[in-house]
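Scroll down for the structure; my scribbles are underneath it.
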Amino acid sequence: MEGEYDVIVLGTGLKECILSGIMSVNEKKVLHMDRNPYYGGESASITPLEELYKHFELQGGPPESMGSGRDWNVDLIPKFLLASGQLALSSGLMGMLEKKQFRKFLTFVSNFNEDEPRSFEGIDLQNTIMREVYKKFNLGQDVIDFTGHALARYHTDDYLDQLCLETIHRIKLYSRSLGQYGQSPYLYPLYGLGELPQGFARLSAIYGGIYMLNVPVDDIIMENGRVVGVKSKGKVARCKQLICDPSYIPNKIRKTGQVIRVICILSHSIRNTNDVKSCQVIIPQNQVNRKSDIYVCMISYTHNVAAQGKYIAIASTTVETAEPEKEIEPALSILEPIDQKFVTISDLYEPTDDGLESQIFCSSSYDATTDFETTCNDIKDIYKRMTGTDFNFEKMRRKNNDVFG
């Protein structure tokens, strides 16, 4: 590992692997290290099933009814990619009048074009908040909850009193993603999310990046307040910049809250979803008297993550009280009967240092949401602080096409 590198990356979580791949594509010399013997870090996929029982320190291991342990790939942190399955919401079916009004609203969003003022339908984009747009189309509270939390993917209702343009763009993005497949705007990789970190690790390796698993990090070496290298087993690898997850710099992070996640193994689909093999359920904060939404991500054997006939549902939410397991009960109640559940309560951290002086760029913890929006925002923010420029997705795509044809 000794040598000179442009960037050293510590931890193989999804964010770190994506940034490692990006930096390698940008012709940076990258060394990527992880103290664990596996990829994924906090966002790993656990296989076989016996390892999941060990991870949660459950005695006895899985029963024979769970099938072969090798058939299981269980994500510790679930995320859907906004692009089969469907998306459900706890608000129930809309009435006929609500459906009619909602259809008018969706038609307005579909036809909306910032370059064509006629498509605004009299809405002043510079002064109209989203609450007033909903009122214009006479949408009820359940429909508003569905639109804001499921389609626009907001985590709170603060957006209602903000200008409407951002929300309209968010709903259009959802509609475009839905149009690609017709059933769901989300994608999920076969064999679990653990394939994504490994995919970006391979991308980095193709461009010359070096990966080392099961390697301890003894020290991060600083000179005059700036990172210059990493020490492991008495050897030093020098660098100009460092990327890491919060666990590698405990003195440069602060706790911002907690999230509870409950992994549930089922022998059935979620009720009232027409026996779909995958779906996402969002329980809006208003409906359970909370400040935060509750999320449920369900996948199944059709995704090669479970034994035949088995399902994995993961419920998550931001902790608001001293009894987090009671907070998650509204989600667990729709999953019954549950064959086995695994509960984890994790602290959420964010860096106290923006990295501009130290050149240490730390990611934030994964929140309770079940899509990649906050993950992508963190990646883009770190990239901009490291390089001073916005990440150009199209440039990276063209470069990869040149390499791979």
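Hey, among T344, T374, which residue is surrounded by 14 or more Cβ atoms within 10 Å (Cβ to Cβ), in a strand (DSSP E or B) and under 19 Å from the mean Cα position of the chain (by Cα)?
T344
Please go through the range 216-243 and give me each residue that is assigned to a loop (DSSP other than H, G, I, E, B) and surrounded by fewer than 18 Cβ atoms within 10 Å (Cβ to Cβ), ordered by number.
Correct list: P216, D218, N224, G225, K233, G234.
Could you tell me which numbered condition I270 fails, if it satisfies all but one of (1) over 25 Å from Q59 (Cα atoms); (2) assigned to a strand (DSSP E or B)?
Failed condition: (2).
If a residue must be touching a Gly at 6+ places or on another chain (Cβ under 7 Å) and in a strand (DSSP E or B), how many such residues does the range 1-60 contain?
Selection size over the range 1-60: 3.
Could we say that V262 is buried (at least 21 other Cβ atoms within 10 Å of the Cβ), in a strand (DSSP E or B) and modelled with pLDDT under 90 here?
Considered against the rule, which asks whether it is buried (at least 21 other Cβ atoms within 10 Å of the Cβ), in a strand (DSSP E or B) and modelled with pLDDT under 90, V262 comes out as no.
Looking only at residues that are of a type in the set (A, V, I, L, M) and surrounded by fewer than 19 Cβ atoms within 10 Å (Cβ to Cβ) in the range 154-169, which one is nearest to I294 (Cα to Cα)? Quick ask: steps written out before the conclusion?
At the first step, the residues of the range 154-169 found to be of a type in the set (A, V, I, L, M) are 160, 163, 165, 168.
Right, trim to surrounded by fewer than 19 Cβ atoms within 10 Å (Cβ to Cβ) and you get 160, 163, 165.
On the way: L160: 19, L163: 25, L165: 26 Å.
So, considering only residues that are of a type in the set (A, V, I, L, M) and surrounded by fewer than 19 Cβ atoms within 10 Å (Cβ to Cβ), the one nearest to I294 (Cα to Cα) is L160.
In the list L106, L76, L82, which residue meets the criterion of being more than 30 Å from A205 (Cα to Cα), of a type in the set (A, V, I, L, M) and at pLDDT below 95?
Within the list L106, L76, L82, the selection yields L106.
Regarding the range 352-369, can at least one residue be identified that is in contact with a Phe, Trp or Tyr (Cβ under 7 Å, 6 or more places away or on another chain), surrounded by fewer than 19 Cβ atoms within 10 Å (Cβ to Cβ) and at pLDDT 90 or above?
Scanning the range 352-369 turns up at least one residue that is in contact with a Phe, Trp or Tyr (Cβ under 7 Å, 6 or more places away or on another chain), surrounded by fewer than 19 Cβ atoms within 10 Å (Cβ to Cβ) and at pLDDT 90 or above.
Output the qualifying pairs, or none if there are none: Cβ atoms under 9 angstrom, residues six or more apart or on different chains, first residue in the range 267-286 and acidic (D, E), second residue in a loop (DSSP other than H, G, I, E, B) and surrounded by fewer than 21 Cβ atoms within 10 Å (Cβ to Cβ).
D275/H268; D275/S269
The values are calculated or read from the model by the stated rules, or taken from the named source; none is laboratory data. No experiment lies behind these values; they were computed from the predicted model shown. Cβ atoms come from the backbone with ideal geometry, glycine included; neighbour counts cover every protein chain shown.
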